[in-house]
Amino acid sequence: MKKALLIGLVTIFLVEPTFAAPKNIQVKKIEIVLAANNAEGLILSGKNIITFANTPSPNANAVVTAIDAAGGSQWVRTIDSGSDEVVTAASVDSLGNIWLAGSSAPIVAAETATALSNVENPDGVIQEPAAKIRPDLTQLTIWKLSPLGELLATYISSQTAPGLVNAVSVNASGVSLVGQLNGRPFLLSASLLGEFGKIIYLGTEKTQVNALLRMPDGSINLFGSSTEKLAGKKLVGSQDGFLMKVGKSGAITSVVRSSAPKATRSWLAADTNLTLTGFVKSGKIMESAFTKFNTTFTPTWTIRVPSLGKSVVAVAPNTTYGAINSQSAIKGLNGWKPTTPSLLILAFDAKGVISGGYGSSDLVAPISLAYSREIGVIGLAMASDKSVSIFRLSTR
């Protein structure tokens with residue numbers, strides 16, 4: 001049963017979780033493509049699997065790598081301006097161009113002062129050279145790469161403090177970033193030519209935006225968690241998950257909060273079909289929630305499964321895939337009784353019914369999950385020893 005309460009800008013939906021138990025689905029083995037120990041994120045561009053990583057020294061650089069579905073290297077691109085740069089989010093547009101987002105530091109001007117000669121030094125003191133001061137990462141930055149790895153453009157928005165980009169979304173009308181800046185959640189959008197709009201703050205440090213999706217009409221959907229009022233509505237649980245819509249003008253037009261008293265909730269990720277995933281913690285019980293919303297944020301189906309909290313989601317034709325770190329048997333899934341944290345991928349049909357399962361005891365926590373028509377469902381996950389691997393699903 002579902003009830004709705006509309007007050008001002010905020011619609012609160014009271015949704016009872018549904019669980020349509022699968023019937024004797026055999027869990028298949030997840031195939032590991034290759035180790036990718038430094039990778040921090042993954043997207044797909046046509047037939048290529050794209051990962052990004054950050055290297056700390058001698059100055060921070062980003063390394064972008066493309067491989068094919070069999071694990072063969074296609075190209076490697078190092079993003080190095082001569083100063084520090086860190087990539088924390090990635091997306092791909094309809095042409096296969098790769099959009100990276102993160103932070104960078106201003107380039108320090110070279111020293112031009114002439115050294116003095118014949119300076120008296122009767123004590124023979126040897127002066128150690130002063131260490132160069134590395135400037136802060138105060139530039140919110142977007143890098144655009146072609147499908148072949150060519151760096152096509154770099155767009156910079158200078159700020160007064162370092163920022164952290166949590167997610168990036170791109171479509172035909174522009175590109176948008178969300179993250180934390182000056183201790184507050186922000187939204188920043190730009191045209192595809194790098195013309196930035198005004199930065200929009202969405203609350204205080206008590207709110208976090210984890211994911212976003214640009215819509216065809218120019219609006220932007222944001223997803224995350226909050227322990228404060230949003231659009232005038234009070235906190236319901238210990239921490240609420242929320243969905244927020246920001247119009248083309250930058251004004252917040254609607255907010256939907258979760259409504260589980262005393263629970264801790266957060267939306268962590270979303271696919272392009274508006275299926276969201278996140279965690280729900282009530283007492284000692286931890287679950288991952290998967291909910292399909294329509295464009296007005298009305299849920300059409302929702303399901304919760306036992307998990308350890310981390311989850312990601314991807315959409316394919318007629319199927320939604322969700323990845324969780326699991327340590328519990330799930331009713332109707334044969335061959336899945338993990339005794340240690342393990343990676344589990346669930347397939348959902350159009351009604352939210354589990355239609356398939358894929359598992360691995362070699363991997364633990366999902367990092368990224370993606371689908372492309374050319375190579376299918378690909379993901380990135382961490383093992384118990386903190387190593388990272390790229391995996392794929394055999395959906396035949």
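Structure notes:
- Residue check for Leu116: of a type in the set (A, V, I, L, M, F, W, C) and at pLDDT 95 or above: no
- Ser173 vs. criteria small (Gly, Ala, Ser), open to solvent by 40 Å² or more (accessible area, probe 1.4 Å) and either modelled with pLDDT under 95 or under 20 Å from the mean Cα position of the chain (by Cα) (or both): yes
- Some residue of segment 362-380 being open to solvent by 20 Å² or more (accessible area, probe 1.4 Å), acidic (Asp, Glu) and touching a Ser or Thr at 6+ places or on another chain (Cβ under 7 Å): no
- Residue among Trp301, Trp267 that alone is hydrophobic (A, V, I, L, M, F, W, C), farther than 27 Å from Ala89 by Cα, in a strand (DSSP E or B) and out of contact with any His (no Cβ under 8 Å at 6 or more places or on another chain): Trp301
- Residues that are of a type in the set (Gly, Ala, Ser), at pLDDT 95 or above and in contact with a Leu (Cβ under 6 Å, 6 or more places away or on another chain), drawn from segment 259-276: Ala270
- Residue within segment 324-339 that is in a strand (DSSP E or B), under 22 Å from the mean Cα position of the chain (by Cα) and closer than 19 Å to Ala211 by Cβ present: yes
- Against the conditions (1) among the small types (Gly, Ala, Ser); (2) in a strand (DSSP E or B); (3) at pLDDT below 95, Gly224 satisfies every one except (3).
- Pairing each residue of segment 244-262 that is without any contact (Cβ under 8 Å) to a residue 60 or more places away in the chain and outside any strand (DSSP E or B) with any residue that is open to solvent by less than 20 Å² (accessible area, probe 1.4 Å) and of a type in the set (Asp, Glu), provided the two are 6+ apart or on different chains, yields C-beta distances under 7 Å for Ser258/Asp240.
- Residues within segment 290-317 that are open to solvent by less than 10 Å² (accessible area, probe 1.4 Å), hydrophobic (A, V, I, L, M, F, W, C) and under 15 Å from Ser328 (Cβ atoms), tallied: 2
The values are calculated or read from the model by the stated rules, or taken from the named source; none is laboratory data. Not measured: the values here are computed from a predicted model. Cβ sites come from the backbone with ideal geometry, for glycine too, and all protein chains shown count toward neighbours. Just the protein is used for accessible areas: all its heavy atoms, side chains included, with ligands, DNA and RNA removed. Shrake-Rupley method; radii C 1.70, N 1.55, O 1.52, S 1.80 Å.
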